[in-house]
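Read through the structure below, which is laid out as structure tokens, and then see the notes.
Since every read-out is calculated from the coordinates, none of them should be taken as a lab result. No experiment lies behind these values; they were computed from the predicted model shown. All Cβ positions, glycine included, derive from the backbone under ideal geometry; neighbour counts span all protein chains shown.
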Amino acid sequence: MSTLKDKLAAKIPDQRKRVTRLLKEHGDVKVGEVTIAQVIGGARGVKSLVTDISYLDPMEGIRFRGKTIPETMAALPKPDGKDYPYVEGFWYFLMTGDVPTKAEAEELVEEFKTRSQVPQYVFDLLRSMPRDTHPMTMFSAAILSMQRESKFAKYYGSGHFNKMDAWDPMFEDATDLIAKLPVIAAYIYRMKYKGDIHIPADSSLDMGGNFAHMMGIDHPYDDVARMYFILHSDHESGNVSAHTTHLVASALSDAYYSLSAGINGLAGPLHGLANQEVLKWLQGVMDKLDGKEPTPEIMKQFVWDTLNSGQVIPGYGHAVLRKTDPRYQSQRDFCLKHLPDYPLFKYVDMLYQVVPDILVEQGKAKNPWPNVDAQSGVIQWFYGLTEYDFYTVLFGVGRAIGVLANITWDRALGYPIERPKSLTTDMLEEIAGIK
Ligand SMILES: CC(C)(COP(=O)(O)OP(=O)(O)OC[C@H]1O[C@@H](n2cnc3c(N)ncnc32)[C@H](O)[C@@H]1OP(=O)(O)O)[C@@H](O)C(=O)NCCC(=O)NCCS
């Protein structure tokens with residue numbers, strides 16, 4: 001067994017005891033109340049999920065296993081000479097809550113390599129799809145097609161399924177998937193946008209380094225990949241991709257079914273696709289201005305035109321956050337260091353100056369501040385990844401790390417099938433006293 005799996009096995013019994021105690025001794029304690037607005041309004045703010053992988057404070061932003069983004073980046077081991085941590089070490093951290101040593105992270109780097117071989121039929125499937133298929137459709141289909149490899153599904157079908165042991169094959173599937181996703185993503189990218197010319201993996205590199213290599217983009221894109229995958233990994237469990245993955249897995253569907261479903265949710269324009277929408281929108285602005293630097297007045301006009309035509313400003317607003325997303329801030333810091341004078345960055349920065357006031361004046365959005373998606377496309381564009389249709393796939397590789405950690409722990413703690421209760425409109429009217 002690997003060090004990580006050993007560690008996980010050692011931690012599960014204590015966590016089970018905590019959950020059992022809460023259920024058995026305090027199960028009747030109320031967590032909150034639910035209003036009609038929350039029932040109709042997408043369960044916004046209803047406290048009905050549990051995860052220890054990350055927590056999203058409305059004012060502070062995300063903490064992974066109790067650590068803020070800067071704390072996480074500072075604590076985790078990094079490849080020699082690099083600014084951002086091993087993604088493999090981050091997976092260890094999300095799974096256990098413990099910061100791995102460099103040796104532990106590097107043991108995982110080696111283990112991921114042994115799991116990274118993608119079956120040929122996945123490439124055959126991708127090649128059989130029309131080339132103009134959206135890369136998220138390809139990514140999700142590739143994940144789903146590998147379901148036949150699932151160790152969890154085999155264990156379930158073995159006739160000896162034991163709920164208490166189900167985390168083990170789920171962990172195996174999760175690790176297999178994370179190791180393969182960068183290879184699949186790079187393949188989709190090179191097939192669709194780089195003349196179908198592929199770059200084989202380099203076995204001397206870690207996940208971030210190898211991804212940059214297979215994409216054909218030089219340093220510091222390897223650090224961009226490490227940063228990007230870590231930043232996009234998890235945002236507690238109520239967002240669409242995380243919740244969908246958890247929901248599907250709660251039916252004891254395996255990691256392939258569950259992750260593919262979560263990725264489909266990430267493909268929505270109100271969720272992960274917003275990062276492509278930001279770039280599309282900004283390109284429209286730049287085209288109209290013929291590349292000239294916009295004044296704040298011109299930018300304000302574009303923002304108002306977008307709102308008045310009934311569209312949202314992509315990259316702004318959030319269901320939980322009520323301040324600038326620290327994931328935005330983290331990428332902004334990267335831009336200030338590596339591309340401070342890049343025109344597209346200046347556009348994004350000007351948006352930051354004008355959009356919040358306009359959204360406040362419009363009076364609809366509860367959070368006028370930027371989220372992660374407002375900044376991420378600029379960095380990609382700068383390093384030559386201008387095919388913005390692809391951006392959500394990058395998000396998806398990162399998001400997989402968080403949601404797969406979650407469903408592994410779901411099985412470790414024996415969480416049941418999810419089944420909230422619905423009411424009819426008549427019933428709500430009766431509850432409201434208007435019927
Ligand atoms: C993220 C998002 C889906 C959250 O939705 P939400 O929780 O319903 O947000 P709110 O409660 O603030 O929404 C209240 C109203 O403000 C509007 N609003 C929210 N963000 C807005 C934005 N960026 N631009 C314009 N209007 C916005 C909503 O559409 C809603 O309008 P409605 O009452 O006419 O339906 C929303 O802010 C949005 O669409 N943002 C743009 C897309 C985006 O960046 N997504 C990535 C999120 S990480």
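Quick rundown of the values:
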| item | result |
| --- | --- |
| Scattering curve values for the chain, log₁₀ I(q)/I(0), Debye with Cα scatterers, q = 0.06, 0.11 Å⁻¹ | -0.26, -0.88 |
| Kirkwood-based Rg to Rh ratio, region 210-316, C-alpha trace | 1.09 |
| Rg(Cα) / (2.2 N^0.38 Å) computed for region 23-169, rounded to two decimals | 1.42 |
| Net lengthening on full extension, Ala74/Lys47 (0.36 nm per residue, minus Cα-Cα) | 6.6 nm |
| Compactness index (Cα Rg / 2.2 N^0.38 Å), region 312-435 | 1.47 |
| Segments 249-259, 216-226, 415-425, 131-141 sorted - mean Cβ within 10 Å per residue, highest first | 249-259, 216-226, 131-141, 415-425 |
| Summed side-chain charge close to Pro356 - residues other than Pro356 whose Cβ falls under 15 Å, Lys, Arg +1, Asp, Glu -1 | +2 |
| Along each principal axis, Cα extent of region 128-192, largest first, Å | 44, 19, 13 |
| At R0 = 25 Å, FRET efficiency that the Cβ-Cβ distance of Arg115 and Asp202 yields, to 0.05 | 0.95 |
| Cα-only radius of gyration and Dmax that characterise region 274-382, units Å | 12.9, 37 |
| Trypsin sites (Lys or Arg not before Pro) within region 342-391: DSSP coil, no more than 12 neighbouring Cβ in 10 Å | Lys364 |
| Cross-link partners of Lys163 among aspartates and glutamates (Cα-Cα below 12 Å; sequence separation of 8 or more within a chain) | Asp410 |
| Rg(Cα) / (2.2 N^0.38 Å) computed for region 349-414, rounded to two decimals | 1.58 |
| Entries of Lys280/Lys421; Lys102/Lys346; Lys366/Lys421 with Cα pairs more than 30 Å apart | Lys280/Lys421; Lys102/Lys346 |
| For q = 0.14, 0.22, 0.23 Å⁻¹, Debye-computed log10 I/I(0) when each Cα of region 124-240 counts as one equal scatterer | -0.74, -1.28, -1.31 |
